[in-house]
Amino acid sequence: MYYKFSGFTQKLVGAGAADAYSPQGLKPLVSTEAPPIIFATPTKLTSDYTAYDYAGRNKVPELQKFFQKSDGVPIHLKRGLPDQMLYRTTMALTVGGTIYCLIALYMASQPRNK
C-alpha cells in the first residue's frame, strides 16, 4: 500500500501508486522538447582569441619598476598626494572611531542618576 501526506488533514493517508510518487499534485514534466533558441547569433570560440585581444597596453612592468624602487617611501604612499590623502583620512577615521567607542563605553559604564 502507498501513502502520501494530506495537506488538508496534515496526516498520512492511503493513496495509489501514481499519487504517492507525485506528491501534492506535482506532476512530472511532460514535454521533452528542447526550448527554442533565443539568440541565434554565432558565438566566438575561445580558440579565436589571441593573447593581445584587449584594448590597451601592458603596464605591469612599468608599475613593478615604479613600486620596487627603493626611495624610502612606504609602498602605500608611493603615488604621492592621492595616497597621502587616503592614508590620512583612514587614520583620522580610525582614531575618531576609537575615541567615539571609548566615550560610548565610558558613558555606558556610568550609572544613571534618578
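The values are calculated or read from the model by the stated rules, or taken from the named source; none is laboratory data. Note that this is a predicted model, so its numbers are computed, not measured.
Okay, residues lined up against (1) at negative phi; (2) in a loop (DSSP other than H, G, I, E, B); (3) at pLDDT 85 or above:
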residue	(1), (2), (3)
A34	yes, yes, no
N58	yes, yes, yes
Q84	yes, no, yes
T90	yes, no, yes
V95	yes, no, yes
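With respect to Y106, determine if the residue is assigned to a helix (DSSP H, G or I) and either at pLDDT below 90 or more than 30 Å from the chain's Cα centre (by Cα) (or both). Taking the combined requirement at face value, the residue satisfies it.
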